[in-house]
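To keep things clear, I will list the structure first and then write my remarks on it.
The values are calculated or read from the model by the stated rules, or taken from the named source; none is laboratory data. The structure displayed is predicted, hence computed values, not measured ones. Reconstructed Cβ throughout: ideal geometry from the backbone, glycine too, with neighbour counts over all protein chains shown. Note: areas computed on protein heavy atoms with side chains; ligands, DNA, RNA excluded. Shrake-Rupley method; radii C 1.70, N 1.55, O 1.52, S 1.80 Å.
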Amino acid sequence: MTWRRFFRRRRADSDLQQEFAVYLDEEIAENRARGMSADEAQRQARIKLGSPQRVREELWRQNSFATIDNLVRDLKYAARALARSPGFALTAVLTLGLGLGANTAIFSLINGLLLRPLPVPHADQLAVFHYVRSDDSDPNFSFCAPIFRVLEKRHDVFQNVAAYSNRTLQVRSGSGNVSVPGIVVSGQFFTVLQTPAVLGRYLTPQDDQPGGTPAGFGVVISEGFWHTWFHSTPDVVGRRLTIANAPFTVVGVMPQRFIGADPTERPEIYAPMWSEPVIDAPYNNIAGGHHNWWLRVIARLNPRTSLQQANAALQATTNPVLDDAISDQEWIKSARKNHFQLIAAPGSSGFTYLRELFVKPLAAVFSMCEVMLLLACLNLASLLMARSAARERELATRLAMGATRGRLIHQLMVESLLIAAMGTAAGMIATPLVSRLLATLILSKSPGATLDTALDLRVSAFVALTAFIATMLIGLLPALRATSKGLSDQIKSGSHTISSGERSRSLPRILMALEVALALILVVGAGLLSSSLVRLYRTGLGFNPKGVAALSLDMGKQSLDGDPLFRWYRGYGDALLHQPGVKSVSFAAITPMDGSVWTRDYHTPLSGGDREIYMDSIAPGFFQTMDIPVLAGRDFFWNDTLSTGRKIILNQAAAKKLFPGRNAIGQQIISDKDSFEVIAVVGDIHYASIRKEAPAGAYIPMSQDSGKKPSYTAVVRIEGSAVPLATAARELATQMAPDIPAPVMTTLSTQLDDSISSERMLALLAVFFAASALLVTAIGLYGTLAYATARRTSEIGIRLALGAKRRQVVALVFRRNAGTAAYGLLLGVLVALFATRALATFLYGTSARDLWVLAGSVSLLAIIASAASIIPALRAARIQPTIALRSE
């Protein structure tokens, strides 16, 4: 039978009836021709052909899509069954939706950050370079220009080798300079990624030369930048852009899908690598040689060359590459001593440093998600098992009437499939929002970064696989158990009593105990991570971040320098100080917890060994603004210039390190032949990490900064909202220096939160999963016991009729769940003691076996289990014996 006949069942049945009638008439006519009477001819014809209904069913089964037909009927039946129990259906859908939605959201994040290939042809042929040293446990993905230029010329196992570095470019617009996300790339960058331009051409090695082409430096722009800046004009190729006060020529437009080699960045402008001294002026990373490691290196493998073969070639060529690239023999000697080795890693998904930062936290979160989903499935399996127990007589009757056990299991599994489908749909509704929120949390340390968490084939396959596994977990065991009894067993046991054989079955109690154990594991994990996060926030920072705003200024492309620039900073600070709500203002080259580190080696005239000291360059009033105590000596003054001698302020850790047991005030310390007078000692603060001890630190006055056009951050302590300050700061900057981009404002509290973003993400999600686990466990315990209690109505009625007291009935029912919960708690404690070891690397000031967290988690889960168990027990005690006996 064709698809047409399947979808037009009534018409097909009518055709079959007519066809059968024709056959019947022909058989009757043949029988009459043999001499039979009319009645006998009809009787013999019906005996031969059989029942019309049976024939139609047999033909339908043989000639139609019977499996699909059964599936459709079972779906309708399952929908009606769920509609009759809306409370159960809603609970099941929301429970499964919670587990499936969380898993999908986290996997979408993992897919976007770790798995999704770059949207370029043959992304599987890409490789990302890094190097390892024996004195550094982590691989390093940053390279200097000399090493890259040597690698660029070697094509033994690579088709092309390219380098890139993300930059924020100052582009001239009608209203002044604005910041635009950009990137400097080597000449083979676009060849490696094999994506043609939609207009013009991409950059080539001829563009990546000192000074560019004879026409100057060219740039490639993104399609989005073409739309917003050039209004999609078709003659954009050849137009001029002023970047860093220098002219560049647009030579091409890249398609919207092209994002470069970093999945979290969206460059708008691609400039040649040799233009970096212009773009980064007054700094020059290329001139810094092997002292500046600032490039990412990506390559495309030759066809039929494996990554293992490429690494074998790199192992043999590492030392020749270093010899060709670097002339500093001391550096070469140190590199060989520490076994410097170039390595190529899979590069299909490009490179982002966020991947290295969040790969372990995301793995931990995904593990918690899997536990949460397993808990939800066990919960639904328990509820379905209890629910299907009430249908055992119906199912046994259908078995006695000829239905096969496989057919009944199929029907029950379809009901589980429907629940899983609706749960998946419910989870998918919230998945995009949750994924975006988590992506925002991950990207908080990288302003302007983005992460694609959209649904793709990989996520769709994960959702389908997860839904299938959930269907099997929640439905197969209850279906097998519900169809295991025959009609005779049901008649012997009765419909509302529980036989001694059924009482001995431990499977439902095992599932409930596993639920409690899994919930306890999640609650303990959440307790440990939350306790660790609280301890991080309570760590003495050494400064007060509350009420401090940071205004980042980019002064590298304006005309002032030296003393005139410092006078500008002082004037800008005075103008900010007169704004409403501003209490104090200062400046710093590096603000605490902003992710930047500057170190320098110092020694004293009496000690020969250098000591590494964390550095910062600050303005007067910095310690007051940051609420850092000055323990001895004085603050800097604006007239502390080079003409008055170099000055420095040490923190306590640095003073003890350089002058153990002595007074540091008035002493001299030396670095690179420059001598500094110590004029004060201040309190220690955390600069780069809360987890580590406050480092030895030192401060020099910004008025003695000899760098070219240094850019500082204004730190402002305010009362009230920071919004008016942001507006005033932009207006003042526009008035006083029209050529600089608008200052970017953040708060030190935000920088503090961003510095522990992975810990915050872990703790927040762990608490969410723990709360969900507690809710699901409470629902599971209550629902399972409520079903079991309802089936024992007659037994309870008999007990009450024979004189049992209601408190005894309460104890009887409550004891069953309480015992199960106790076994689950014991199992959960044993597993948690081992499972929480995996969280040890994420904890701060908290043991993975913290007894207070463990005891609190056990107590909380015990209270919830008791509350979920006592309600059905109280309801059972209110049963009237006469009503209970009539229910049989």
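For this structure, a couple of remarks:
- Verdict on V192 being open to solvent by less than 40 Å² (accessible area, probe 1.4 Å), in contact with an Asp or Glu (Cβ under 9 Å, 6 or more places away or on another chain) and either of a type in the set (A, V, I, L, M) or in a strand (DSSP E or B) (or both): no
- Only one of the listed residues (S721, S675, S711) is open to solvent by 40 Å² or more (accessible area, probe 1.4 Å), modelled with pLDDT under 95 and in a strand (DSSP E or B). That residue is S675.
- Residues of region 839-852 that turn out to be in a helix (DSSP H, G or I) and farther than 13 Å from L522 by Cα, as a count: 5
- Extreme residue, nearest to Q125 (Cα to Cα), among residues of region 286-307 that are in contact (Cβ under 8 Å) with a residue 40 or more places away in the chain and in contact with a Pro (Cβ under 8 Å, 6 or more places away or on another chain): L307
- Close pairs from region 579-603: first over 13 Å from R717 (Cβ atoms), partner loosely packed, with under 14 Cβ neighbours inside 10 Å and of a type in the set (D, E), Cβ under 8 Å, at least 6 apart: T599/E612; R600/E612; D601/D610; D601/E612; Y602/D610; H603/D610
- Residue match in region 253-270 (condition: closer than 22 Å to N160 by Cα and more than 35 Å from the chain's Cα centre (by Cα)): no
- Filter result for F462 (farther than 30 Å from A696 by Cα, open to solvent by 60 Å² or more (accessible area, probe 1.4 Å) and at pLDDT 85 or above): no
- A single member of S367, S348, S334, S306 is small (G, A, S) and over 29 Å from P263 (Cα atoms), and it is S334.
- Screening region 256-269 for residues that are more than 21 Å from V171 (Cα to Cα) and in contact with a helix residue (DSSP H, G or I) (Cβ under 8 Å, 6 or more places away or on another chain) and picking the one that is surrounded by the most Cβ atoms within 10 Å (Cβ to Cβ) gives A261.
- Qualifying residue in region 680-692 (condition: part of a helix (DSSP H, G or I), open to solvent by 10 Å² or more (accessible area, probe 1.4 Å) and under 26 Å from P629 (Cβ atoms)): no
- Against the conditions (1) within 24 Å of K445 (Cβ to Cβ); (2) open to solvent by 10 Å² or more (accessible area, probe 1.4 Å); (3) aliphatic (A, V, I, L, M), A550 satisfies every one except (2).
- Tallying residues that are among the small types (G, A, S) and without any contact (Cβ under 8 Å) to a residue 12 or more places away in the chain within region 823-841 yields 1.
- Long-range neighbours under 7 Å by Cβ, at least six apart or interchain, first residue within 18 Å of T846 (Cα to Cα) and free of Cβ contacts under 8 Å to residues at least 12 places away in the same chain within region 533-553, second among the polar types (S, T, N, Q) and surrounded by fewer than 18 Cβ atoms within 10 Å (Cβ to Cβ): none
- Every condition in (1) among the hydrophobic types (A, V, I, L, M, F, W, C); (2) under 22 Å from T424 (Cβ atoms); (3) open to solvent by less than 10 Å² (accessible area, probe 1.4 Å) is met by A79 except one, and the failing one is (3).
- Pick from region 220-248, criterion under 19 Å from I183 (Cβ atoms) and in contact with a Pro (Cβ under 8 Å, 6 or more places away or on another chain), ranking: surrounded by the fewest Cβ atoms within 10 Å (Cβ to Cβ): E223
Results for (1) small (G, A, S); (2) in a strand (DSSP E or B), shown as yes or no for each residue.
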| residue | (1), (2) |
| --- | --- |
| V297 | no, yes |
| A313 | yes, no |
| D323 | no, no |
| H339 | no, no |
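- Among (1) closer than 24 Å to P263 by Cβ; (2) surrounded by fewer than 17 Cβ atoms within 10 Å (Cβ to Cβ) - the single one A439 does not satisfy: (2)
- Of all residues in region 229-246, those that are over 17 Å from L199 (Cα atoms) have Cβ atoms under 9 Å from Cβ atoms of residues that are of a type in the set (D, E, K, R) and open to solvent by 70 Å² or more (accessible area, probe 1.4 Å), 6 or more apart or on another chain, in T242/R172; I243/R172; N245/R172; N245/D739.
- Taking the criterion of being open to solvent by 20 Å² or more (accessible area, probe 1.4 Å) and assigned to a helix (DSSP H, G or I), the residues of region 111-147 that qualify are L114, L115, D124, Q125, P146.
- For region 749-769, the condition of being open to solvent by less than 10 Å² (accessible area, probe 1.4 Å) and over 20 Å from the mean Cα position of the chain (by Cα) holds for none of the residues.
- Residue-level check: of (1) open to solvent by 40 Å² or more (accessible area, probe 1.4 Å); (2) modelled with pLDDT of 70 or more; (3) in a loop (DSSP other than H, G, I, E, B); (4) not hydrophobic (A, V, I, L, M, F, W, C), R816 misses just (3).
- Count of region 603-630 residues which are out of contact with any helix residue (DSSP H, G or I) (no Cβ under 7 Å at 6 or more places or on another chain), of a type in the set (A, V, I, L, M, F, W, C) and surrounded by 15 or more Cβ atoms within 10 Å (Cβ to Cβ): 5
- Top-ranked residue in region 580-600 [being within 17 Å of A722 (Cβ to Cβ) and of a type in the set (S, T, N, Q); ranked as modelled with the lowest pLDDT]: T591
- Positions within region 724-748 being surrounded by fewer than 19 Cβ atoms within 10 Å (Cβ to Cβ), hydrophobic (A, V, I, L, M, F, W, C) and either at positive phi or touching a strand residue (DSSP E or B) at 6+ places or on another chain (Cβ under 7 Å) (or both), in sequence order: A726, V744
- Some residue of region 636-647 being at pLDDT below 95, crowded, with 21+ Cβ neighbours inside 10 Å and out of contact with any strand residue (DSSP E or B) (no Cβ under 6 Å at 6 or more places or on another chain): no
- Selected residue (criterion: surrounded by the fewest Cβ atoms within 10 Å (Cβ to Cβ)) from residues of region 315-329 that are farther than 13 Å from H291 by Cα and of a type in the set (D, E): D323
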